[in-house]
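Below is one structure; the comments refer to it alone.
The values are calculated or read from the model by the stated rules, or taken from the named source; none is laboratory data. Worth saying up front: this structure is predicted, and the values here are computed from it rather than measured. All Cβ positions, even for glycine, are placed from backbone atoms using ideal geometry, and neighbour counts span all protein chains on display.
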């Protein structure tokens with residue numbers, strides 16, 4: 001660290017010299033304009049980049065000997081999350097059908113990337129989304145709404161055996177994944193590029209905590225899928241009205257924990273977050289009681305119902321994790 005003394009000129013202007021090594025490396029010349037950005041922690045960012053233009057980064061994948069469709073898909077998702085704005089998939093002779101399917105699935109499963117050029121040997125995708133146009137809080141709220149409805153519909157499968165509703169719950173998990181990937185992308189880009197963070201009006205610490213909450217909501221969505229799939233394994237009429245009522249009561253409690261965890265974030269309710277965490281004990285006890293009542297049932301049905309009870313419990317506990325993150329965030333922001 002270089003220590004430089006502040007000088008005062010004209011009685012009101014504070015002046016400090018720039019390190020020569022830095023100025024030469026950045027090719028700073030006399031009368032060049034420099035940008036000064038006040039960071040949330042009080043530090044000052046000095047940058048030569050004063051235009052509000054997004055950082056353009058290109059990633060290339062050689063799919064000549066790559067026939068594993070799922071592997072290529074994961075590589076594309078990784079490039080998307082880590083902030084590449086242009087992705088090129090190419091092959092020496094001709095792109096294989098699995099590679100083209102992976103690219104198509106990727107473009108359909110993500111928000112922003114679109115195919116702008118396609119030939120026999122290559123496909124070019126460009127990100128057409130401005131990260132600042134999608135506030136993280138709005139994406140988080142959307143994820144919450146989708147996952148909550150998934151969870152409620154999954155419980156309606158239990159006792160009805162509605163296969164169509166179960167399949168719909170599973171399909172909606174793709175929407176949750178694409179929203180979570182968007183949050184992950186925005187988080188990475190805002191940490192890498194201070195300009196993007198400034199346009200998103202997000203403190204880096206807050207952005208990271210929102211990402212963590214997004215990940216937790218995505219996990220709750222996964223449990224909604226598990227719940228729907230296991231509920232479909234239970235034939236209609238195989239569960240007594242009394243036991244079905246116990247399941248619904250536990251699930252309503254889990255959803256209320258989920259509701260309060262998100263509400264406490266958007267209302268900055270630190271005490272409500274604490275009370276929500278304490279409330280998870282009630283859900284754990286209710287799920288344990290359900291487990292004890294499954295011993296007398298046929299094994300295949302008991303296993304499916306046990307998995308359902310586990311998903312309900314985990315969803316509630318994940319909601320408690322969201323509340324813990326809210327407390328951490330509010331304590332930090334209070335200073």
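Worth a mention:
- Among the candidates 70, 104, 57, residue that is within 26 Å of residue 206 (Cβ to Cβ) and out of contact with any helix residue (DSSP H, G or I) (no Cβ under 6 Å at 6 or more places or on another chain): 57
- Looking only at residues in region 183-199 that are under 19 Å from residue 43 (Cα atoms) and surrounded by fewer than 23 Cβ atoms within 10 Å (Cβ to Cβ), the one that is modelled with the highest pLDDT is 191.
- When each of 156, 138, 149 is tested for being under 26 Å from residue 210 (Cβ atoms), more than 17 Å from the chain's Cα centre (by Cα) and assigned to a helix (DSSP H, G or I), the lone residue that passes is 149.
- If you go through region 256-293 and keep only what is assigned to a loop (DSSP other than H, G, I, E, B) and either under 22 Å from residue 213 (Cβ atoms) or at pLDDT 95 or above (or both), you end up with 268, 269.
- Criterion violated by residue 15 - all others in (1) over 19 Å from residue 118 (Cα atoms); (2) modelled with pLDDT of 85 or more; (3) in contact with a helix residue (DSSP H, G or I) (Cβ under 9 Å, 6 or more places away or on another chain) satisfied: (3)
- Some residue of region 24-45 being over 28 Å from residue 191 (Cβ atoms), more than 29 Å from the chain's Cα centre (by Cα) and surrounded by 11 or more Cβ atoms within 10 Å (Cβ to Cβ): no
- For the residues 251, 259, the requirement of being in contact with a helix residue (DSSP H, G or I) (Cβ under 6 Å, 6 or more places away or on another chain) and touching a residue at least 60 places away in the same chain (Cβ under 8 Å) singles out 251.
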